[in-house]
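Notes for the one structure printed next.
The values are calculated or read from the model by the stated rules, or taken from the named source; none is laboratory data. Please read these numbers as outputs of a predicted model, since none were measured by experiment. Cβ sites come from the backbone with ideal geometry, for glycine too, and all protein chains shown count toward neighbours.
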Amino acid sequence: MKKIVVAGGSGFIGEALVRHLLARGEEVAVLTRNPSKVKAGRGVLWNPPAEGNWIDEVASADVVINLAGENIGWNNYPDDVATATIQRQFMASADHRATHRSRARSPATQ
């Protein structure tokens, strides 16, 4: 069994993917701004750049899948601006994950 973290796992495509992964027996954490809306998998509050439990979830994951996106129908941003904003947030999270994981594995920190 793998631990898989899915950003955007409560969306249309993400929820279907999470259900499929759960059916295969995988452990799935869904990074979301609203964990109470997660219908499949375990919801984890994710609101970068704020730190939280999501950092440990990402750091300990075997696989991280980014399906996060902004519902651009609810704001006045052009598609490319909304997409770029979400991608920057996720890349900052991934950067933090890599730093956190390398520190956790470093002999100097043990």
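So here's what we get for this one:
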item: Output for region 7-43, where each listed residue is at pLDDT below 95 and part of a strand (DSSP E or B); result: A7, L31, T32
item: Residue list for region 44-61, filter: in contact with a helix residue (DSSP H, G or I) (Cβ under 6 Å, 6 or more places away or on another chain) and at pLDDT 90 or above; result: V44, L45
item: Residues of region 1-33 classified as farther than 20 Å from D62 by Cβ and out of contact with any Leu (no Cβ under 8 Å at 6 or more places or on another chain), total; result: 4
item: Close pairs (8 angstrom Cβ cut-off, 6 or more residues apart or separate chains): without any contact (Cβ under 8 Å) to a residue 24 or more places away in the chain and within 13 Å of A40 (Cα to Cα) in region 1-25, in a loop (DSSP other than H, G, I, E, B) and of a type in the set (D, E, K, R) anywhere; result: none
item: Subset of region 47-71 [touching a residue at least 12 places away in the same chain (Cβ under 8 Å), hydrophobic (A, V, I, L, M, F, W, C) and more than 9 Å from V5 (Cβ to Cβ)]; result: I55, A59, L67, A68
item: Restricting region 4-18 to residues that are surrounded by 15 or more Cβ atoms within 10 Å (Cβ to Cβ) and of a type outside the set (G, A, S), the residue that is nearest to L67 (Cα to Cα); result: V6
